[in-house]
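Just so you know, all these numbers are worked out from the coordinates, no wet-lab data involved. It should be emphasised that the depicted structure is a prediction, and the values quoted were computed from it without experimental measurement. FYI the Cβ positions are ideal-geometry reconstructions off the backbone, even for glycines, and counts take in every protein chain you see.
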Amino acid sequence: MPETAIISEVAPRDGIQSINPASPVSTDAKIALIQACYDAGLRRMEVGSFVSPKAIPQMAQTEIVLAACKQMPGLESTVLVPNRRGFDAAIEHGADRLGFFMSATAGHNKANLNRTREESFDELAKLVRDTPKGTLIRFNLSCVFHCPFDGVVSEAEVMPWIERIVALDPDMEIALADTTGNASPDQVGRIFRHAIGKWGGRFAFHGHDTYGMGVANVSAAWEAGCRVFDSAAGGIGGCPFAPGATGNVATEDVAWMFARMGVQTGVDWPRLLVAADMAAGIPGAVPGGRMRAVPAARLAA
Ligand code: ZN
C-alpha cells in the first residue's frame with residue numbers, strides 16, 4: 001500500500017494575505033484560485049481569515065469565499081480566526097476547520113499579535129474549549145524553529161509550549177510552523193520526532209521557502225512521521241510581521257517530491273500546474289518554487 005501525504009493548500013490565505021493591499025485581490029479571483037486548486041485534486045485548503053478588513057484588506061469577504069467553497073464537494077475549508085469575533089463569524093458561516101495561531105517566541109507574538117504568549121494562549125484555550133463538536137481545529141504555532149526577532153529557537157523554549165497546546169484537546173491538529181523559512185532540516189526532524197514520539201501523529205508542518213530549504217524541511221518532517229503539510233500553489237506567500245519572509249513552500253514542489261518518493265497526494269499534476277501558474281500570475285504576488293520553471297517537469301504534464 002502506498003503511503004499518503006495530506007497537502008493543505010494555503011495560497012488562498014497565507015499567499016494572498018501577503019500581497020500588498022495596493023494590489024487588491026478580488027473575491028472572484030480568490031474563488032477562481034480555490035476552484036483551480038480543487039480541480040487539481042486538493043481537498044484541504046486554508047481559504048481565508050475572519051479578520052477586520054480594515055486590518056487586512058486582502059481577507060475581506062471571507063464569508064463569500066467560504067460560501068463558494070461549500071459548493072465544492074469534499075473540500076475541507078479552514079479559516080483563520082484571530083479572536084472571539086472571528087470565531088463567531090467562522091462558525092456562523094460554516095467553516096469546516098478553525099485555524100488558531102500564536103507564536104512560540106515572545107518577540108514574534110508581540111509583533112504579530114501585540115500581546116504576550118500567555119495572553120494569546122489563554123484566549124485560544126477558551127476558543128478551543130468553546131468549539132462546537134463537529135468543527136475541526138488546526139492550532140498553528142508560529143516560529144517554532146526560528147524567529148525574526150529572537151533568532152534560532154531552542155527545543156527547551158518550544159517543547160513546553162507544544163506540551164501545553166497538546167493538553168488543550170486530545171484530537172486537534174497542531175501545526176509546527178517555520179514562519180521565516182530559516183529552519184534547518186535536522187532541526188525540523190528532531191522536533192517532529194520528539195513531538196510525535198511523545199504526543200502521537202497529530203502534527204502538521206507549515207513551511208516557507210525563504211532560504212531555499214522548504215522542500216528539504218518537508219522531507220525531514222515526513223521522515224520524522226509528519227503526514228500533513230501546508231504549501232502554496234506557485235509558492236506565493238509571506239508574512240508581513242516576519243521581515244524578509246517570502247513564500248510558502250510551493251505545492252507543486254512538494255507534490256513533485258512526494259510523487260518521486262511514491263507517496264500519494266491525490267494531486268493531478270497538469271491541473272496543479274494550471275493552479276500554480278494562476279497563483280503566480282495574481283498581480284502583486286511574489287511567486288516562488290522550482291517546478292513551474294523546469295521544462296521536463298512541465299512536459300510531464
Ligand atoms: Zn506562513
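Label-to-label distance for residue 54 and residue 23 is 2.7 nm, based on points extended 7 Å past Cα in the beta-carbon direction. Within the shell of other residues whose beta carbon sits under 15 angstrom from the beta carbon of residue 150, the net charge comes to -1, with Lys and Arg scored +1 and Asp and Glu -1. Averaging the Cα positions of each part gives two centres, and for the stretch 143-213 and the stretch 62-112 these lie 20 Å apart.
As a rough guide to protection, the peptides 214-222, 257-265, 200-208 ranked by mean Cβ packing within 10 Å, highest first, stand as 214-222, 200-208, 257-265.
Could you check what % of the DSSP bridge pairs in the stretch 49-153 are antiparallel, to the nearest 5?
15
What is the sum of charges, Lys and Arg at +1 and Asp and Glu at -1, for the other residues whose Cβ falls under 9 Å from the Cβ of residue 289? Charge balance near residue 289 sits at -1.
With contributions of -39500 (n - 2.57) from each DSSP H run of at least four residues, the per-residue ellipticity at 222 nm computed over the chain stands at -11500 deg cm²/dmol. Each DSSP beta bridge with both residues in the chain is either parallel or antiparallel, and the antiparallel ones are about 10%.
Highest-first packing order for the peptide set 40-49, 83-92 is 40-49, 83-92, based on the mean count of other beta carbon atoms within 10 Å.
Classify the stretch 162-239 from the C-alpha gyration tensor, please: rounded if a/c falls under 1.5, else prolate or oblate depending on whether a/b exceeds b/c. The shape class here is prolate.
The dipole here belongs to the chain: it is taken about the Cα centre, uses +1 on the Cβ of Lys and Arg and -1 on the Cβ of Asp and Glu, and is about 120 debye.
Computed from the mean reciprocal separation of all distinct C-alpha pairs, what Kirkwood hydrodynamic radius does the stretch 6-299 have, in Å? Show your work: numbers first, answer last.
Values: mean 1/r = 0.0536 Å⁻¹.
One decimal place: 18.6 Å for the Kirkwood radius.
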